[in-house]
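What follows is a short report on a single structure.
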Amino acid sequence: MRRALILGLLLVGMQLVLPLGLAGHHSQSLLTFGFLILAAYTVGEIAVSVGQPRIVGYLFAGLIFGPSLLNVVGSDSVRMLAPINSLAIALIAFLAGAELRWEEVKPYASSIGKILAAEIPLTFAAVAGLMLVMRPFVPFMADAPLSHAIAFSLLFAAMGAVHSPAVTMGILSETGARGPVARTVLGVVLVSDVVIILVFSAALSITQALVPPTEAGEMAGSAGMLAWELGGAVLVGVLLGGAISIYIRFVKRELFLFAILVAFFGAEVARLAHVETLLTLLVAGVVSENASPKEAGLALRGAMERAAAPLFVVFFALAGASLLLSEILSVWYLVVPIIVVRTLALWQGTKLGARWADSTPAIRRDVWMGLISQAGVAIGLATVVGEIYPTRGAQLKSLFLATVAVNTFLGPILFKRALTRAGETVSGGMSGAPAPAAH
């Protein structure tokens, strides 16, 4: 009751203050940022009180106060706060990479590799097959030749196999989980990003061969761009990670400010170099963690987790505010079977891979629940398709984002349930901030 009252007072205060500001002014962005932190945190605590992850509360806060419902945080405000998203993604990616210290991941390497080898092909085939079966009902494929339908089915399936490092790190930070299920999920999610970008590149090349874009130069340009985004991100990430490891090995001062600088600088370098931000910072995190003394790496991660605490809240609240209920409801008859088939494929693929690797019963039973969420990279890939194919690609993007929206809510709930069932959550949880890594 107390939290609901706080939420009501925040809403009333926002409605009273907003008319006094200037639309589009920086002061409005700051006001929206502050409101989102407080409102999302409050809804997150309500979610915890009913046994759900805080992330789900943050997402619901964004959905409730965003353009789809109350419109307290309008579309303009969401756009103005886009830099917050960029910084949050950079921090999330670096922290995710920093969790992959080889000596700790090595015991799960076989499980990670074999699960990937099973679940990605099965998920890809299942989603592509479903899209072809539903072809008469899918707007961008209904009247297209069979070759075009196959091409767009492959593209959709490639994006459908993507997971979400952001949600994975958010749940791991909230629960403090560092056990076999948590480590395996994190490894699968992070490595799959690299694999899926390669799969997507191949699918895009096939699509462009079968369905030439309207502009002839787009074919070579987009293929070359994707190749550089992948290879360039690894190169830039290695150099950045090496520089970070030198700093924390020999300087080791002002780590909180240094953590924020790493995120800002890494994201800006990735933007200027036209490489994928998430992969760049992920590689930087892996390199800096494994090239540094364990204690120094742990200190930097602790500083970054403190810096990321408010950004986690706003990041997921903005994700919720970006969801448009009208678009999701307009294609619900396609979204439901896609989610069901993808989930079944992930379940069976993970089970098959874990059995192949002779993994523990907990990994066989629970890891698939950590692979449901989608965001970040998936949205970026959908945007690439929308830019290359302005009509059909835009329709494909809308359908895909509708499925991402549902999976974004469903995934954290299932992942937290898996970690709880595996007995890997830390008693007491967190208070809305990322928990220090336990080793």
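Are any residues in the stretch 36-50 of a type outside the set (Asp, Glu), farther than 18 Å from VAL167 by Cβ and open to solvent by 10 Å² or more (accessible area, probe 1.4 Å), and if so, which ones?
Result: ILE37, LEU38, THR42, ILE46, SER49, VAL50.
Could you list all residues from the stretch 314-334 that are in a helix (DSSP H, G or I) and buried (at least 21 other Cβ atoms within 10 Å of the Cβ)? Reasoning before the result, please.
First, pick out the residues of the stretch 314-334 that are in a helix (DSSP H, G or I): 314-321, 325-330, 332-334.
Result: VAL314, PHE315, PHE316, ALA317, LEU318, ALA319, GLY320, ALA321.
Assess whether THR168 counts as being touching a Leu at 6+ places or on another chain (Cβ under 7 Å) and of a type in the set (Val, Ile, Thr).
Values: touching a Leu at 6+ places or on another chain (Cβ under 7 Å): yes; of a type in the set (Val, Ile, Thr): yes.
Spelling it out, THR168 is indeed touching a Leu at 6+ places or on another chain (Cβ under 7 Å) and of a type in the set (Val, Ile, Thr).
Condition test on GLY380, is it open to solvent by 20 Å² or more (accessible area, probe 1.4 Å) and assigned to a helix (DSSP H, G or I)? I'd like the intermediate steps shown before the answer.
Values: open to solvent by 20 Å² or more (accessible area, probe 1.4 Å): yes; assigned to a helix (DSSP H, G or I): yes.
For GLY380, the condition - open to solvent by 20 Å² or more (accessible area, probe 1.4 Å) and assigned to a helix (DSSP H, G or I) - is met.
Would you point out which residue out of SER201, SER153, SER173, SER205 is polar (S, T, N, Q), part of a helix (DSSP H, G or I), at pLDDT below 85 and surrounded by 23 or more Cβ atoms within 10 Å (Cβ to Cβ)?
On the way: SER201 fails: surrounded by 23 or more Cβ atoms within 10 Å (Cβ to Cβ); SER153 fails: at pLDDT below 85; SER205 fails: surrounded by 23 or more Cβ atoms within 10 Å (Cβ to Cβ).
Result of the check over SER201, SER153, SER173, SER205: SER173.
Given the options PRO136, PRO83, PRO121, name the one that is open to solvent by 40 Å² or more (accessible area, probe 1.4 Å) and over 21 Å from VAL340 (Cα atoms). Give the derivation first.
On the way: PRO136 fails: over 21 Å from VAL340 (Cα atoms); PRO121 fails: over 21 Å from VAL340 (Cα atoms).
Step by step, each of PRO136, PRO83, PRO121 is checked, and only PRO83 is open to solvent by 40 Å² or more (accessible area, probe 1.4 Å) and over 21 Å from VAL340 (Cα atoms).
Identify, by number, the condition in (1) among the charged types (D, E, K, R); (2) farther than 27 Å from VAL72 by Cβ; (3) without any contact (Cβ under 8 Å) to a residue 40 or more places away in the chain that LYS397 doesn't meet.
(2)
Pairs under 7 Å by beta carbon, first residue more than 19 Å from PRO165 (Cα to Cα) in the stretch 260-279, partner in a helix (DSSP H, G or I) and open to solvent by 80 Å² or more (accessible area, probe 1.4 Å), six or more apart or different chains?
Every condition considered, the pairs that remain are HIS274/TRP228.
Is there a residue being part of a helix (DSSP H, G or I) and under 27 Å from VAL275 (Cβ atoms) anywhere in the stretch 141-149? Write out each step before concluding.
Keep residues of the stretch 141-149 that are part of a helix (DSSP H, G or I), which gives 146-149.
Within this subset, residues satisfying the condition of being under 27 Å from VAL275 (Cβ atoms) are none.
No: the stretch 141-149 contains no residue that is part of a helix (DSSP H, G or I) and under 27 Å from VAL275 (Cβ atoms).
Which one of the conditions (1) more than 20 Å from the chain's Cα centre (by Cα); (2) open to solvent by less than 20 Å² (accessible area, probe 1.4 Å) does ILE338 fail to meet, given that it meets all the rest?
Every condition holds for ILE338 apart from (1).
Tell me which of these TRP347 doesn't satisfy, since it passes every other one: (1) more than 22 Å from VAL199 (Cβ to Cβ); (2) aromatic (Phe, Trp, Tyr); (3) surrounded by fewer than 23 Cβ atoms within 10 Å (Cβ to Cβ).
(1) is the only condition that TRP347 fails.
The values are calculated or read from the model by the stated rules, or taken from the named source; none is laboratory data. Since the model is a prediction, treat every value here as computed from it, not as a measurement. Don't worry about glycine lacking a Cβ; one is built from the backbone with ideal geometry, like all the others, and counts go over all protein chains shown. SASA here: full protein model, heavy atoms, side chains in, ligands and nucleic acids out. Shrake-Rupley method; radii C 1.70, N 1.55, O 1.52, S 1.80 Å.
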